[in-house]
Amino acid sequence: MRTIWLDGAQWLAVLRIGLGLWWLESWRHKDKKGWFERGTGIAWAADVAAKHRWPVVRSGFEKVVAPRPKAMAYVVVYAELALGLGLVTGLLTPVALIAGLLLNLLYLVLMIHDWAEQGQNAMMALGSLVALFAMSWQTWSLDHAIGLFL
């Protein structure tokens, strides 16, 4: 593949790293004290789920998240950190890409009525798909350096 400046594999690494930085920014700007001590993030999600047009979202939230709001707050916040670090460093990249894609799809389903939020999730999901199927861990990654996922 001919490109300007970098080769195709390097551009895919740039995509992967940029996606990782996007996850790190999502983690960085969260009010962790609010999420962990006051439960603001899960309370907001509970309000969204309660008004959701799909009953499966409401019941799923009630069964999975509502019984353990504090633990789920930690899962969400630290999943975003782990995804960001994994993608930036290229460590366990396919796992991070699949997990990120699933988290973005979950966010898309939860926020189906709020199209202002959907642009970010759709672009991140698309970036994850491209980075995954193009095997973006082959360049500038710890996975490549230690011989994982060859």
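Identify, by number, the condition in (1) at pLDDT 95 or above; (2) out of contact with any Leu (no Cβ under 7 Å at 6 or more places or on another chain); (3) small (Gly, Ala, Ser) that residue 20 doesn't meet.
It fails just one condition, (2).
Among the residues of the range 90-136 satisfying the criterion of being polar (S, T, N, Q) and within 23 Å of residue 12 (Cβ to Cβ), which is most open to solvent (accessible area, probe 1.4 Å)?
120
State whether one or more residues within the range 25-37 are acidic (Asp, Glu), under 30 Å from residue 1 (Cβ atoms) and at pLDDT 95 or above.
Within the range 25-37 (the criterion being acidic (Asp, Glu), under 30 Å from residue 1 (Cβ atoms) and at pLDDT 95 or above), the answer is yes, since at least one residue qualifies.
With the range 1-118 as the region, which helices (runs of 4 or more DSSP H) entirely inside it contain at least 1 residues that are in contact (Cβ under 8 Å) with a residue 60 or more places away in the chain?
Per the criteria, 8-28, 40-50, 69-89, 93-110.
Of the residues 9, 49, which single one is open to solvent by less than 40 Å² (accessible area, probe 1.4 Å) and not acidic (Asp, Glu)?
49
The values are calculated or read from the model by the stated rules, or taken from the named source; none is laboratory data. Owing to the predicted nature of the structure, the values given are computational and were not obtained by experimental measurement. We place every Cβ from the backbone using ideal geometry, glycine too, and count neighbours over all the protein chains shown. Each accessible area value is taken on the protein alone, full model and side chains, heavy atoms only, with ligands, DNA and RNA left out. Shrake-Rupley method; radii C 1.70, N 1.55, O 1.52, S 1.80 Å.
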